[in-house]
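The values are calculated or read from the model by the stated rules, or taken from the named source; none is laboratory data. Source: prediction; values computed, not measured. Please note: Cβ atoms are built from the backbone with ideal geometry, for glycine as well, and neighbour counts cover all protein chains shown.
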Amino acid sequence: MPSHPCTSPAADPSTTPSTGYRELLRNKEFSGLYAGFTLTVAASTLSGFALGTLVDRQTGSPFLTAVSMYGATFATVLGALTLMSVADGKRPRRTLVVLQLASLAGVGAQAVPGLPLAARFALLLTLGLFQSLGTGTRLGLLAEVVPISAYAPARSLMNITSGGTAIAGYAVGAVLLRHLSPQGVFAVAAALTALGSAVVAATVREHSIRPTRRPGLRRTWTTNAELLSHPGRRTLLLNLWVPNGLIVGCEALFISYDPRHAGTFLAAGAAGMLLGDLAVGRLLDAGRRRRCAFALRLLLAVPFLLFAVHPPVPVLAVAVFVASAGFAATLPLQEQLLEQTPDRIRGQVQGVESAGRMTWQGLGAAMAGGLAQYLAPGTAIAVVAGISVAVTVLCRPSRRPTRRTGPGASGRGRTYRGTTGE
């Protein structure tokens with residue numbers, strides 16, 4: 001009798017025990033990337049909250065306020081389509097520091113009193129572009145400063161920290177705005193950005209295994225075409241982007257479904273997501289993570305079907321908590337994507353994956369909101385969740401292993417082995 005896919009012993013080296021968080025944090029370079037990332041998330045959260053508050057005070061428009069807080073995520077796709085190849089440039093540490101300093105200039109400009117709203121939105125999009133390129137560069141460096149076996153725990157720790165920092169950032173932002181103007185909060189965000197740049201510059205060394213080809217628009221398009229032409233990577237990206245984005249769309253309807261208890265649902269979702277990342281990234285080895293990936297993607301969507309029948313609020317809160325643990329499916333999928341990516345384009349591929357996931361979250365919210373214009377919110381949530389289930393089932397990656405060898409597979413002539421399945 002076959003073993004359960006989430007508990008059977010591994011048959012390959014990828015099932016060795018995961019590197020612990022403490023061991024990761026003893027790595028000076030990872031600690032620097034991690035601290036810089038945390039400070040960047042904190043600064044981004046504070047600046048978004050300050051801009052949303054300022055726009056709300058000046059316009060009273062819910063639409064403009066929402067766009068001001070989350071509009072930067074739509075600029076990430078611009079980075080993925082144009083200049084993401086800079087993530088794989090010859091000097092990634094210098095690139096990351098320069099992008100951090102560019103973000104610092106943008107956040108600092110937002111602190112200027114009396115700046116027109118049009119200029120503030122232009123800065124917002126520019127910051128989104130810098131952030132997407134910085135994400136690609138940071139993730140490319142991450143794949144070099146930690147061993148492959150530690151990549152998923154490292155991403156897990158960063159995911160957990162990102163969620164916790166964002167929650168804390170909004171709380172701190174609310175307190176700061178009681179004593180400071182939005183421009184003052186922008187100044188605090190600029191200080192955090194500057195500190196993050198200094199930490200990266202002081203702790204991360206320059207990695208010199210990169211190619212000498214000049215990054216740019218043509219190189220970005222060429223690599224993106226190469227990425228999407230590979231069936232295994234294309235399927236992995238589809239499973240990373242679409243189910244995740246559709247469920248974020250479900251969450252975007254919590255306020256419309258039940259304004260009084262939306263906060264409860266959002267808190268339950270955040271707690272479930274953090275617990276899922278912790279359990280899957282820390283307690284499961286690579287082999288078990290891979291075997292659980294399909295089940296986790298189903299778990300992400302199925303509990304949301306309950307919204308169609310309107311059970312009591314505690315039942316829905318538990319359902320959202322359980323479902324949100326399924327967001328941890330991104331970890332094994334990201335591991336597989338890394339395995340199938342040559343060293344020379346790791347940063348760009350990871351940046352495209354991140355940008356595409358964020359873009360699909362925006363599209364999922366727009367799709368769910370559009371459906372809710374014609375259907376009851378609970379029904380719309382269930383429909384979008386059903387679509388997520390269908391995508392997960394119909395687009396499940398093949399179990400057929402793939403192998404790419406030869407000098408073109410890596411900047412160091414190494415053999416790459418990947419699998420298109422869990």
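General observations
- Residues satisfying the stated conditions in the range 247-274, i.e. touching a residue at least 12 places away in the same chain (Cβ under 8 Å) and closer than 16 Å to residue 308 by Cα: 247, 249, 250, 251, 252, 253, 254, 256, 257, 258, 265
- In the range 383-397, the qualifying residues are those that are among the small types (Gly, Ala, Ser) and surrounded by fewer than 21 Cβ atoms within 10 Å (Cβ to Cβ), and the one that is nearest to residue 291 (Cα to Cα) is 390.
- For the residues 66, 43, 11, the requirement of being modelled with pLDDT of 80 or more and either outside the structural domain of residue 167 (by TED's automatic domain parsing) or not in a loop (DSSP other than H, G, I, E, B) (or both) singles out 43.
- Residues of the range 119-165 classified as within 18 Å of residue 277 (Cα to Cα) and either among the hydroxyl-bearing types (Ser, Thr, Tyr) or not in a helix (DSSP H, G or I) (or both), total: 6
- Entry remark, the range 171-186: residues being closer than 19 Å to residue 124 by Cα, surrounded by fewer than 16 Cβ atoms within 10 Å (Cβ to Cβ) and of a type outside the set (S, T, N, Q) number 1 in total.
- Residue 399 at pLDDT below 75 and part of a helix (DSSP H, G or I): no
- Test: residue in the range 108-125 that is over 19 Å from the mean Cα position of the chain (by Cα) and among the β-branched types (Val, Ile, Thr): yes
- Of all residues making up the range 251-272, the number that are over 14 Å from residue 317 (Cβ atoms) and in a helix (DSSP H, G or I): 2
- Check on residue 133, touching a Gly at 6+ places or on another chain (Cβ under 9 Å), of a type outside the set (Ser, Thr, Tyr) and surrounded by fewer than 21 Cβ atoms within 10 Å (Cβ to Cβ): no
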